[in-house]
Amino acid sequence: MLLTLQAGYEYDLNSYKQIILPTFSYLFLYNSIIVLGAKSRIDPFEELILGIKTFIPTKKKIKYLQSLLRVGFDTIDFGSFI
């Protein structure tokens with residue numbers, strides 16, 4: 001029998017809007033537990049996201065990426081482009 005349990009938790013690191021931390025600063029915690037017969041596996045994950053203090057317009061981000069391609073970068077890898 002296969003049993004799987006997954007859980008996640010999000011914590012706002014700057015809930016009191018302190019000046020030393022960016023406005024959008026979060027800690028994400030994930031956990032996955034898998035039990036298959038007598039064997040079990042636990043996979044904990046964490047991710048920290050520190051936002052920026054000022055908004056960067058999308059057009060400016062696109063220009064930046066295009067400039068990286070112009071100077072010779074052939075691969076640009078990113079996870080979020082908001």
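Rule-based calculations on the coordinates, nothing more; no lab input. Please read all numbers here as calculations on a predicted model, not as lab measurements. No Cβ is skipped: glycine too gets one built from the backbone with ideal geometry, and neighbour counts run over all protein chains shown.
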Trypsin sites (Lys or Arg not before Pro) restricted to DSSP loop in segment 1-76 with at most 16 other C-beta within 10 Å: K17, K53
Quick one: the Cα spread of segment 2-70 along its three principal axes, in angstroms, biggest first? 54, 39, 14
Label zone at L29 (point 7 Å along Cα-to-Cβ), backbone N below 20 Å, segment 40-67: 41-51
Given charges at beta-carbon only (K, R positive; D, E negative), |dipole| of the chain in Debye: 440
Most positive-pole-ward Cα, M1, I62, F45, against dipole of the chain from beta carbon charges: I62
I'd like the chymotrypsin sites (Phe, Trp or Tyr not before Pro) in segment 1-69 restricted to DSSP loop residues with at most 11 other Cβ atoms within 10 Å, sorted by number. Y16, F55
How many Lys pairs in the chain lie less than 30 angstrom apart by Cα atoms, where the lysines are 8 or more positions apart or on different chains? 6
When V35, V71 are arranged by how many other beta-carbons sit within 10 Å of their Cβ, fewest first, they go V71, V35
In degrees, nearest 10, range 0 to 90: what is the angle between the Cα axis of helix 58-70 and the longest Cα principal axis of the chain? 80
